[in-house]
Each structure stands twice: as structure tokens, then as C-alpha cells.
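**Student:** Questions regarding the structure given below will be posed in turn.
The values are calculated or read from the model by the stated rules, or taken from the named source; none is laboratory data. Here the structure is a predicted model, which is why all the values come from computation and not from measurement. All Cβ positions, even for glycine, are placed from backbone atoms using ideal geometry, and neighbour counts span all protein chains on display.
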Amino acid sequence: MTLVDQPSIPILAQAKRKVGLYGGAFDPPHLAHIALAQHAIRQLSLDELRVLPTGQAWHKDASQTPSAHRLAMVTLGFSDWPEIIIDEREIRRAGPSYTVDSLRELCAEHPGVSWFLIIGEDQARSFESWRDWPAILQMAQLVVARRRNPGYPEPIDAGWHNRATQTAIDLAFPMMDISATCIRAACAQHQSISQWVSPGIIDYIHRHNLYSQT
């Protein structure tokens, strides 16, 4: 049989890399943030998860902790996970920070990647107020992290369903009673936060006297 006569062998298309995007103020990053990142990597079979601390968030006031401190704490909190990359673009960007701008940049920088945008239920309920939300859905698969009580099959709140989230992936996440607001309040009252925050971040908060006047 000559080379010409040999049957052709189909060339399998290379599978796209699956990359998650997980943004937030992380003020401070706590154990639920880290657990959610780990859960997303496993459930979505992500090759990589990019954590994006927000810069000047368009929907929040300017009272949040300076970005340099939040970036340092995020680096401390997520440094043990090789699949996680800390992406600083929103902190470095001047002016209000919009998810659609970050996605456009990332799509241009990494063609051929499948993007998964991970948001919480509260963000899902207001998703249609985000800038260019239809464009976001064209560039990324929306993933909504629903919090569940252990032992209960139904979510605590299914009110996030709307036309923008109809095709969202449900990331069922066990409920963890932790919030950055409560952590900041506890710090202001000089109470322990060891049940919510990793030791390295607690040390950073104390060394830089963060949240003491909150």
C-alpha cells in the first residue's frame, strides 16, 4: 500500500482550556472564598481559575480597603493552589472596574479558551444591571454559586433566576456562615476571627491595623 492509498486518520480537535473567573472585593478574603474556588475547580473541571480582586467597583462606595492590601491578602489566601492565578488587571485599571472590560481583554489575550464566570446568588439577582451583560454572556458561561444548607436538597434562595441567568450553570455550594462584613465588624470590636480567616491573613490584618476603625 502506498502512502496515497493509506486510510486517513481523523485529527481530533484539541480540547479548549477551561478557565474560571472569580472576582470580588475580597475585603478580606475568608475561608468561604477559598472553599468556593476549590469547589468550582472540581465541579467544572477547570484547568485554571483566575481570581480578580476588584479595583474601583462601579456598584460600591470608595470605603473599601486600599487595593494594595486586598491584593496582598488575596495572594496569601490563594497561594497554596497551583490552579489559581491572581489576576491584577482590575486593580491596575484606572476608573470604575467592569467585568465586561476584563473579559474582552482576556478573550483577546487567550483566544480559544472557554471562560466560566463565577458569581454569587446576590450578584445573579442584579446581573441585568451589569454593564453590557448580554456581551458577557456571549463571551463566558455564567456560573451561579448557590448556597445550600447541609441535608436540604433545595437552595436557600432561588430568586436569582431571571432572563440573564436562564442558561447559568448551578454550582451547588454548601452554606458557610461567613461574610466579610461580619469579619470587619469583629475586627473593629477586637474579637477573634480565627474561625473565618486563615492565620496568614489574620497576621496581615493585625500587622497593618486593618478594619480597626470600621
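**Student:** Mind checking which pairs have a first residue in the stretch 182-199 that is on the phi < 0 side of the Ramachandran plot and a second that is assigned to a loop (DSSP other than H, G, I, E, B) and of a type in the set (A, V, I, L, M, F, W, C), Cβ under 6 Å, 6 or more apart or different chains?
**Tutor:** Pairs that qualify, where the first residue is on the phi < 0 side of the Ramachandran plot and the partner is assigned to a loop (DSSP other than H, G, I, E, B) and of a type in the set (A, V, I, L, M, F, W, C), are ILE183/ILE193; ILE183/TRP196; ALA186/ILE193; TRP196/ILE178.
**Student:** Applying the selection to the stretch 179-213, what residues are assigned to a loop (DSSP other than H, G, I, E, B), surrounded by fewer than 13 Cβ atoms within 10 Å (Cβ to Cβ) and at pLDDT 85 or above? Walk me through it before giving the result.
**Tutor:** Taking the stretch 179-213 as the starting set, the residues that turn out to be assigned to a loop (DSSP other than H, G, I, E, B) are 179, 189-198, 208-213.
Those left that are additionally surrounded by fewer than 13 Cβ atoms within 10 Å (Cβ to Cβ): 179, 189-192, 194-195, 209, 213.
Within the stretch 179-213, SER179, GLN189, HIS190, GLN191, SER192, SER194, GLN195, ASN209 meet the criteria.
**Student:** Now for a different question. Quick one: would you say PHE78 is over 24 Å from PHE127 (Cβ atoms), buried (at least 18 other Cβ atoms within 10 Å of the Cβ), at pLDDT 85 or above and of a type outside the set (A, V, I, L, M)?
**Tutor:** Working: over 24 Å from PHE127 (Cβ atoms): yes; buried (at least 18 other Cβ atoms within 10 Å of the Cβ): yes; at pLDDT 85 or above: yes; of a type outside the set (A, V, I, L, M): yes.
So PHE78 passes the test.
**Student:** Then there is this: Of the residues TRP115, TRP81, only one is part of a strand (DSSP E or B) and aromatic (Phe, Trp, Tyr); which? Break it down stepwise before answering.
**Tutor:** Values: TRP81 fails: part of a strand (DSSP E or B).
The unique qualifying residue is TRP115.
**Student:** Just to verify a result, which residue in the stretch 8-23, among those that are at pLDDT below 95 and of a type in the set (Gly, Ala, Ser), is surrounded by the most Cβ atoms within 10 Å (Cβ to Cβ)?
**Tutor:** If we take residues in the stretch 8-23 being at pLDDT below 95 and of a type in the set (Gly, Ala, Ser), then ALA15 is surrounded by the most Cβ atoms within 10 Å (Cβ to Cβ).
**Student:** Among the residues of the stretch 118-132, write down those that are assigned to a helix (DSSP H, G or I) and surrounded by fewer than 17 Cβ atoms within 10 Å (Cβ to Cβ).
**Tutor:** ASP122, GLU128, SER129
**Student:** If ALA108 passes every condition in (1) modelled with pLDDT of 95 or more; (2) in contact with a Ser or Thr (Cβ under 7 Å, 6 or more places away or on another chain) but one, which one does it miss?
**Tutor:** If we test ALA108 against (1) modelled with pLDDT of 95 or more; (2) in contact with a Ser or Thr (Cβ under 7 Å, 6 or more places away or on another chain), just (2) comes out false.
**Student:** Follow-up question, since we're still on this one. Keeping to the stretch 121-178, report how many residues are under 23 Å from TYR98 (Cα atoms) and at pLDDT below 85.
**Tutor:** 7
**Student:** Need the failing condition index for ARG125 against (1) charged (D, E, K, R); (2) touching a Gly at 6+ places or on another chain (Cβ under 7 Å); (3) free of Cβ contacts under 8 Å to residues at least 24 places away in the same chain, just the number.
**Tutor:** (3)
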